[in-house]
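Novice: Mind having a look at this structure? Questions to follow.
No value in this document is a laboratory result; all are computed from the given coordinates. These numbers come from a predicted model, not from an experiment. So basically every Cβ, Gly included, is an ideal-geometry build from the backbone, and we count neighbours across all protein chains shown.
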């Protein structure tokens, strides 16, 4: 059996209605900041429960533009998670700011108990990363940020419709950043991202920043970027957004199925499943003994398992000037050696999941 | 027959789509069914086609022309605190690219055709200069022979802002292939256009190409290793497939038709205005057909009243934009006499490839009528 990682051909197997909409849309020529985009932003804001949603070119740009609108710039420090994807840190670095890392716990999110000791005079913002579909302890983080008057930019790229203590990812911080990359839980046919916020001034700033700073066709108020969500992709987003809740439910259900099959297997440790958190399983990750051997074993038997990520961001060459060394973030280091991701998407069949469970079991036999 | 009561739009993307629909729908359907939406064969296919069309070794597909400029400037060594020599009559993106890298734009004046004045470059070079960025505005290439001579004498890299000039030539060479890196936009309003934001750059230098390929994808040199931080600036697979089809089926036609429309205007418009001109070295593609007249605002008003679309590219030079002044203060390094004058006198007439002969005739009649009755 072959268990694929990308489910895109299945997802868009029967989309004649979407194709019909696209055919109508292309006739309009409304390609840049067009009406379907405005509609998508309205629906996205309503999905997350925020006042505003602003479509941008990627989840990375969502973080970059958020930080820029909050005044982060050259020489500032931004506190974030040591185990995140490169994009979070790339967005910080692009503004000339320096990332200051906090280790994670076994829920793959920053250990909020370690944040306060990292706050210094140059700290300008905190970027918690709701990694893999888990959520950072926002109930703990928010009062801390308020005490130090620091804005929070939620990196919710992997956690759309995740919740912590009943509050949705992206609705708690000053802004929430989402990715619509084809492999995300809510996806389009290209790079794309969305920023959510309840703050009118930030929303206005973001609208300028994504479109060259143009207040009208001829006047430039601030130097901005070209980072628009393509309107043609908003048509795709509008088609998919009514299914967003079902997609997250199905992933949660699949994760439960995999948990039941893998729990108790010698060599496998399932991460803690938290009562206070609605985990939406962008990635289904667990801790595996002899991880690299298991990875080859699975791939050899047709299961497209992956590792997110074998080299932690803080040890990448691009950050060597910050002088971090292996051992600085022990939990992150342990994860880098032991995590493994299996497909968990809404299009997986029970047979495919049974096969994955069976293959892991047979490895540890 | 063209009806005097119908509008002549400045741009007409619907007419363009009707012309391309039967060719493009199957291309789009293929991509959508394929399930690969990031990078992949469509993007590589586009890069090969664009490079072959322009006769150059490397093409890197990106998310926008703006991003192409940022990546190009970074690749040739523009850093915080350095200066980049460019022109102020451009779209804001060219200067924004310089500023995002922490560098300072140094504006020099332009010639009558709105292109960078080569004579103004040498006096603007200082110890801090890290690059020169001519902008091939309107679809006409700047005087690249002289610009290259001056820059190679000074040891300065040249990044061509070729966003508006795909297919245009100077001295037989394509704009964008003469300097160190050429940056193109494929925004929906360009001569070679996608159905969303996209752009690309071309270069002969393999080191630049490799650097920028990592830059566009988070700085990843493989799935797990980051050498230097980059951006997310990938051309969408859908847009790449559309652009490939257009290079094969449309681009040559589009440029020929725009040139033919421009020739018609130049032959038939009144001599009371200044019209675009070409020397023996030029082969322009008329992204815009820009006339100059000191009665610009009245003429634009008159055209509007006759339902003829027109536009101003651009009424406020960058050094007068609030964004520039708030950051750098008033610009006082050089006199920008032509830049200032042109901002008040330029007007772009519709020149797109779907204009019909009777529409062109009506534009000429209305413009000429305005000046006749003015005398």
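Novice: Share of antiparallel DSSP beta bridges in segment A:8-243, in percent to the nearest 5?
Specialist: Bridges in segment A:8-243 are about 50 percent antiparallel.
Novice: Next question, about the same structure. Arrange the following residues from fewest to most other Cβ atoms within 10 Å of their Cβ: A:177, A:277, A:157, B:71.
Specialist: Details: A:177 34, A:277 23, A:157 31, B:71 27.
Neighbour counts put them in this order, fewest first: A:277, B:71, A:157, A:177.
Novice: How crowded by other chains is B:218-225, given as the mean number of beta carbons from other chains within 10 Å of each beta carbon?
Specialist: 5
Novice: Using 10 Å bins from zero, what percent of all Cα-Cα pairs in segment A:244-363 falls into each bin?
Specialist: Percent of pairs per bin, in order: 12, 40, 31, 14, 2.
Novice: Also: In bins 5 Å wide, starting from 0, what share of all Cα pairs of segment A:1-42 does each bin hold, as a percent?
Specialist: Computed distribution, short to long bins: 5, 17, 17, 19, 16, 13, 6, 5, 3, 0.
Novice: Right, another one. Under Stokes-Einstein, with the Kirkwood radius over Cα pairs standing in for Rh, what whole-number D in µm²/s applies to the protein assembly as shown at 20 °C and 1.002 mPa s?
Specialist: 79 µm²/s
Novice: If you build the convex hull over the alpha carbons only and average its shadow over all orientations, what do you get for segment B:1-48? Give it in nm² to one decimal.
Specialist: Working: hull surface 22.2 nm².
Its Cα hull, projected and averaged over all orientations, spans 5.5 nm².
Novice: Over segment A:290-353, what lengths in whole Å, largest first, do the semi-axes of the equivalent ellipsoid take, defined as the square roots of 5 times the eigenvalues of the alpha-carbon gyration tensor?
Specialist: On the way: eigenvalues 183, 30, 19 Å².
The three semi-axes for segment A:290-353 are 30, 12, 10 Å.
Novice: Any idea how far the Cα center of segment A:31-73 sits from the one of segment A:163-216, in Å?
Specialist: When both Cα centres are located, 4 Å separates them.
Novice: Could you tell me the center-to-center distance, by alpha carbons, between segment B:181-197 and segment A:344-365 in angstrom?
Specialist: With segment B:181-197 and segment A:344-365 each reduced to a Cα centre, they are spaced 45 Å.
Novice: I want to verify a result. In a Gaussian network model of chain A, Cα cutoff 10 Å, which of these has the top mean-square fluctuation: A:195, A:232, A:311?
Specialist: A:311
Novice: Where both residues lie in segment B:16-249, what percent of DSSP beta bridges are antiparallel, nearest 5?
Specialist: In segment B:16-249, DSSP labels about 55 percent of beta bridges as antiparallel.
Novice: Using helices alone, I'd like the mean residue ellipticity at 222 nm for chain A: each DSSP H run of four-plus residues gives -39500 (n - 2.57), total over residue count, nearest 500.
Specialist: -11000 deg cm²/dmol
Novice: For a quick check: sort B:173, B:246, A:122 by the number of other beta carbons within 10 angstrom, fewest at the front.
Specialist: Going from sparsest to densest Cβ surroundings: A:122, B:173, B:246.
Novice: Continuing with the same structure: How large is Rg/Rh for chain B, to two decimals, with Cα atoms and a Kirkwood Rh?
Specialist: Result for chain B is an Rg/Rh of 0.97.
Novice: Okay, moving on. Mean separation of Cα pairs under 8 Å and 6+ residues apart, divided by the residue count of chain A: what relative contact order is that in percent?
Specialist: Details: 745 pairs, mean separation 78.0, N = 365.
Dividing the mean separation by the residue count of chain A yields 21 percent.
Novice: Hey, another quick one. Take every residue in peptide A:14-26, count the Cβ atoms of other chains within 10 Å of its Cβ, and give the average of those counts.
Specialist: Mean partner shielding for this stretch: 2.
Novice: Next up: What Kirkwood hydrodynamic radius, in Å, does chain A give when the mean of 1/r is taken over all pairs of distinct Cα atoms and then inverted?
Specialist: 21.1 Å
Novice: Averaging sequence separations of C-alpha pairs under 8 Å and six or more residues apart, then dividing by the length of chain B, give the relative contact order as a whole percent.
Specialist: Worked out over chain B, it gives 22 percent.
Novice: Shielding by partners for B:30-41, please: the mean number of other protein chain Cβ atoms within 10 Å of each residue's Cβ. Don't skip to the end; give the middle numbers.
Specialist: Numbers: counts 0, 1, 8, 5, 3, 11, 5, 13, 6, 0, 0, 0.
That works out to 4 on average.
Novice: Continuing with this model, one more query. Percent of Cα-Cα pairs per 10 Å bin, from 0 to the last occupied bin, for segment B:158-311, please list those.
Specialist: Pair shares across the bins are 10, 29, 31, 19, 9, 3, 0.
Novice: If we count other beta carbons within 10 Å of each Cβ, what is the order of A:41, A:94, B:44, fewest first?
Specialist: Starting with the residue having the fewest Cβ neighbours, the order is B:44, A:94, A:41.
Novice: Step by step: find N for segment B:250-372, compute 2.2 N^0.38 Å, then divide the Cα radius of gyration by it. What's the final number?
Specialist: Details: Rg = 16.3 Å, N = 123, 2.2 N^0.38 = 13.7 Å.
Expressed relative to 2.2 N^0.38 Å, the Cα Rg reads 1.19.
Novice: What are the extents of the Cα atoms of segment A:145-276 along their three principal axes, in Å, largest first?
Specialist: 65, 42, 26
Novice: State the antiparallel share, in %, of DSSP beta bridges confined to the protein assembly as shown, rounding to the nearest 5.
Specialist: Rounded to the nearest five, the antiparallel share is 60 percent.
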